[in-house]
Amino acid sequence: MPTDERASRPVVRNADSEVTSPIEAVVALLVAHGGCDGRAVNRGRHIATETGQRLDVVLIQLGLATERALADAFASHLGLRVVTAPRYPADPLFPERLSARFLRAARALPVAVENGRLVVAVADPLDTFTPQSIAVAAGLPVTLEVAVPIDLEAAFERLYPDAAPDDSRPDDAAPSEEDAERLKDLASEAPVIRLVNQIIARAVETQASDIHIEPFEDRLRVRYRYDGVLQEAESPPARLATAITSRIKIMARLDIAERRLPQDGRIKLAVRGTEIDFRVSTIPSLHGETVVLRVLDRSTVAFDYAKLGLAPAVIGKLSAALELPNGILLVTGPTGSGKTTTLYTALLALNSISRKVVTVEDPIEYQLQGINQIQVKPQIGLNFASLLRSILRQDPDVIMVGEIRDIETAQIAVQAALTGHLVLSTVHTNSAAATIPRLRDMGLEDYLMTAVLRGILAQRLVRRLCTACRHEAPAPQALIDRFQLDRHTTRRPITLWHAAGCPACRNTGFRGRQAIAEFLAPDAAVERLIFARGDHNDIERAAVAAGMVTMFDAGLAAALDGTTTLEEVVRSIREAA
């Protein structure tokens, strides 16, 4: 069956008889009618060339033009009518011949039969295949009208509430070019773009550290991590899971057709006028891909020891160790204990014109001005050990190694320290004293440890009490006796602070986090225990005798001061021990 001849793709000749593509003609009309400015079009054209996407799609994705303005430009160029919301039908037309899945994928919807022709609203009036297919299936010639995508999506929601836009291809099937193109189309729909932007903007505005998007059989769950604890948000429709994932992958420049393997990428985005970095990780799961975005908002991170919550005595010992010309300084703790933030703070304190500072990280969390940062890439042989070996030939003064996780990296770090470099790194242990047996287990000799170790900082993060709603109450005698609270304060009666909850803290009772830490500076007694192969309990007792305040005691002091709760201290330290 024939379609409306106006649906063909016309070419336009300008005054110099040069052929102009339909998209360029539409964009020219968009600019002429004030729907977009020339500089925005040039920016979009550059990105379209890089990504291989159509210019009009890029302009919508970047928010440089509105859907309605673009629909008006299409209609003006092609001499078509723009569909208004009331024109969409009350019931689906030809449901037995036109599947909802096909219509959704094609972004087309029959709206009426007029004068023996089927009127079809389409989001892309330059697509000639869709109207021809609909004409054959419906047995009627087709007349096109231009749909505003958001109105079209609303009509689909009403007419086909049970139709899923995602595909039925098995997750373990090989990706194809058709899959990639269709996923791009899904991810380019304005409602999906707007939804993803809302998810990201909410995370930034509410100062979440992570966004978790998790597909299940019957729903799509979105959760935000606040102060180390996940909280569930209002979830989008489950049928949008594939489209949302594809949209995030496009933003992170990942392969949207590859759904069988994990992928990692980054997004740089301006949110409410602030440049924010997002680290993106996708992993295949039973019902789709799980996506996690780490929000790296430099404006909310304080690279300052006092603002991190470190005690003055710990700051003093740490600063003294950083002033030494060589040696190894280690920061230890479990994943998510703030080790990288502490090391970044130390690096910024050391950064100066007279020092060359180089880091080897996996991944690079924040970009630090004036510091040479290198990303580990194991897939091409760039691991911590190989990079550290090469960096030594770059004449650095200070080296930060993201993590010492094997004997090879440990030995090269020791070599660097022995040859006059200051090395900063992390190790995964539960306390400062436990780091020494851990290095020994890796295979590092005792005499090398005593020669290069300048200090070990162990830390945890605890949630800060919201000062707007916290309340104080006398401590039960059982708690006083159990934790010997009377040794940590002279105030009587002994009181503890508790979380309440208010709008300022999202009714959690907590706002932000702070570090509680212990610093072990090896002295003669500790060195003797290292040579005697003493365990971490012996080493910790010797350090305490020399003046070290343990992490748990530092946490009790914070609880008594009203900074956090006793429950938080026990949860963060005792559970990890």
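The values are calculated or read from the model by the stated rules, or taken from the named source; none is laboratory data. Keep in mind it's a predicted model, so treat the numbers as computed, not measured. Glycine gets a Cβ as well: all are built from the backbone with ideal geometry, and neighbour counts include every protein chain shown. Please note that ligands, DNA and RNA were not included when accessible areas were found on the heavy atoms of the full protein model with its side chains. Shrake-Rupley method; radii C 1.70, N 1.55, O 1.52, S 1.80 Å.
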Using amide H atoms built in the peptide plane, which far-off residues or other-chain residues are under 5 Å from H421 H to H? G327
Considering only protein heavy atoms, what per residue accessible area in square angstrom results for the range 17-132 with a 1.4 angstrom probe? 47
Label zone at D264 (point 7 Å along Cα-to-Cβ), backbone N below 15 Å, the range 242-256: 254
Summarise the accessible area of the chain (1.4 Å probe, protein heavy atoms) by the percent that is carbon and sulfur. 50
Could you derive backbone 3J(HN,Hα) for the range 517-531 from the dihedral phi with the Karplus parameters 6.51, -1.76 and 1.60 (θ = phi - 60°), listing whole Hz in sequence and x where the residue is Gly or Pro? 9, 10, 10, 9, 9, x, 10, 4, 5, 5, 4, 4, 5, 5, 5
What angle, in degrees between 0 and 90 and rounded to the nearest 10, separates the Cα long axis of helix 312-322 from the longest principal axis of the Cα atoms of the chain? 90
Within the range 43-149, report the trypsin sites (Lys or Arg not before Pro) that DSSP leaves as loop and that have at most 14 other Cβ atoms within 10 Å. R81, R97
Reach of K317 by Cα under 26 Å, taken over lysines that are not fewer than 8 positions away in the same chain: K307, K339, K356
Antiparallel content of DSSP bridges confined to the chain, in %, to 5: 65
When the chain is fully extended, how far beyond the present Cα-Cα distance does Q198 get from E445, taking 0.36 nm per residue of separation? 83.6 nm
Rounded to the nearest 500 deg cm²/dmol, what is the calculated helix-only ellipticity per residue at 222 nm for the chain, with -39500 (n - 2.57) per DSSP H run of length n ≥ 4? -10500 deg cm²/dmol
Can you tell me which of 205-217, 294-306 comes out highest on packing, and rank the rest after it, using the mean Cβ neighbours within 10 Å? 205-217, 294-306
Apply the a/c threshold of 1.5 to the C-alpha gyration tensor of the chain and tell me whether it is rounded, prolate or oblate. prolate
Surface accessible to a 1.4 Å probe, per residue, for the residues of the range 258-319, Å²: 52
What does the extension gain come out to for S285 and R571, with contour length at 0.36 nm per residue minus their alpha carbon separation? 100.0 nm
Using a 4.7 Å cut-off between beta carbons, which cysteines in the chain end up with no partner cysteine at all? C36
If we count every other residue with Cβ under 12 angstrom of Y88's Cβ, Lys/Arg +1 and Asp/Glu -1, where does the sum land? -3
FRET efficiency (D255, D397; Cβ distance; R0 45 Å; to 0.05) is 0.65
